[in-house]
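J.: One structure coming up, written as structure tokens, with questions to follow.
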Amino acid sequence: MPRPLAEAELLITLPGRRRCAHCGSVNFGDAGTCRRCRVDLLTESSAPSTTDASGSRVRANRRPIIFVAVTVLFASFAWSRSLLLTSTPIDEDQRLVVMRAVDVLDQAKFSREAFLLRHIANYRATDNWWNLHVGHSQAYAATNFPLGVMTLYEPFFESTSDDVERAAILLHEAQHMLGAGEASALETTWREKSWLGWTADKYGQTKVWKNTREWTGADVPSLFQCGDDGHGDCAP
């Protein structure tokens, strides 16, 4: 089947005849203007189709971008599904515990983090294949950025003293959901802990407090160089 003729090709259709690209009327070959619409036939036949050319270039430039975007979306979806399929979700009782801790965050000044934890995070009770590969032997929780898959280990439920401590752990994990690294997440949680009521006078002897202080001191030592002895907490 022959391909359709473009407008420029339709201008000359028969020997001694010229077709108007504007209205389609057939004119004598020596006609300067169209007998029907009075368009200049010579200008119509010689003018380059800049619109078509620029449109073709735009479409050509968009193709690689669209291909990359589709590839990234497909890879992200496949990776996310693999993490979910190789782990188990938390049960309903555990979810209630998590949501109480999220409420603590929401009642403080952490509405952004509370929104992510309430509506975006996908909570799991066991490690997925990637966590097993990386290893989180001492963690209370682990978050897979940017997919929002959050694994809550048994110590999150059993070793924490109350919802405030669980809120502190979730505040840390929410920083990972926002793209922060480990040191940044530790620093943010330690600096902001008083907003949760998570302070040394109330929690200084708990396992979660001692673990968090140790990990934060190792990654962000500048937070513990205050006081008369130069070893005090700079964010009490």
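Throughout, read-outs are computed from the coordinates displayed, never taken from laboratory work. Remember, it's a predicted structure, so these values are computed and weren't measured experimentally. In this analysis, Cβ positions are derived from the backbone assuming ideal geometry, glycine residues included, and neighbour counts consider all displayed protein chains.
J.: Need the C-alpha centroid separation for region 92-141 versus region 213-233, integer Å.
T.: Answer, in whole Å: 27.
J.: Just subtract the alpha-carbon distance of residue 30 and residue 126 from 0.36 nm times their residue separation and send over the number in nm, one decimal.
T.: Difference between extended and current length: 26.3 nm.
J.: Right, another one. How about residue 207: which aspartates and glutamates have a C-alpha closer than 20 Å to its C-alpha, ignoring those fewer than 8 places off in the same chain?
T.: Leaving aside aspartates and glutamates fewer than 8 places away in the same chain, those within reach of residue 207 are 154, 158, 162, 163, 165, 173, 182, 187, 192, 219, 233.
J.: Sorting 102, 208 on the 10 Å Cβ count, fewest up front, what's the list?
T.: By the 10 Å Cβ count, ascending, the order reads 208, 102.
J.: Turning to a different aspect of this structure: Would you list 34, 226 from fewest to most Cβ contacts within 10 Å?
T.: 226, 34
J.: May I ask you to derive the FRET efficiency for residue 133 and residue 99 from their Cβ-Cβ distance with R0 = 41 Å, giving the value to the nearest 0.05?
T.: So, using R0 = 41 Å, E works out to roughly 0.85.
J.: Could I ask something else about it? Karplus couplings for region 224-232 from phi (6.51 cos²θ - 1.76 cosθ + 1.60, θ = phi - 60°), rounded to Hz, Gly and Pro as x?
T.: 10, 10, 10, x, 4, 8, x, 10, x
J.: How would you order 121-129, 193-201, 168-176, 81-89 from highest to lowest mean count of nearby Cβ atoms within 10 Å?
T.: Packing proxy ranking, top to bottom: 168-176, 121-129, 193-201, 81-89.
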